[in-house]
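The values are calculated or read from the model by the stated rules, or taken from the named source; none is laboratory data. None of the values given here were measured: they were computed from a predicted structure. Here Cβ is always computed from backbone atoms with ideal geometry, including for glycine, and neighbour counts include all displayed protein chains. Side chains are part of the model used for accessible areas, which takes the heavy atoms of the whole protein and leaves out ligands, DNA and RNA. Shrake-Rupley method; radii C 1.70, N 1.55, O 1.52, S 1.80 Å.
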Amino acid sequence: MEPLVVVGSMATRHALAELGGIYRGRTGRDVTMRAAGGVTVAEEVRAGARADVVVLAAGAMDGLEAAGHL
């Protein structure tokens, strides 16, 4: 099984790392995480980067959803 791919802003990196460890422990599934600036993450998602979970500020998430990227 492919790892769960989680991307988020730098502000969420510590929380996502903790949650990823919990998820991995409970499911046995690997988790790949990447944190970057929110604008960068949003641009990558718009460009088609693979992500199973995206965690960004509400405005960025709303924009991605409105554009059909979530």
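Tell me which residues come under 5 Å, amide H to amide H, from V55 once H is placed; ignore anything under 5 positions away on its chain.
For V55, whose amide H was placed from the backbone, the distant partners under 5 Å are V7, G8, S9.
Based on the Cβ-Cβ distance of A17 and A66, what FRET efficiency does E = 1/(1 + (r/R0)^6) give at R0 = 30 Å, to the nearest 0.05?
0.55
Could the peptides 17-27, 35-45 be put in order, highest first, of the mean number of other beta-carbon atoms found within 10 Å of their residues?
The packing order, highest mean first, is 35-45, 17-27.
Calculated from DSSP H runs of 4 or more alone, at -39500 (n - 2.57) each and per residue, what is the 222 nm mean residue ellipticity of the chain, nearest 500?
-14500 deg cm²/dmol
At 1.4 Å probe radius, can you tell me the per residue accessible area of the chain in Å²?
That works out to 63 Å² per residue.
Provide the gained length on full extension for the span E43 to R29, in nm with one decimal, where the gain is 0.36 nm per separating residue minus the Cα-Cα distance.
Extra length available between E43 and R29 comes to 2.4 nm.
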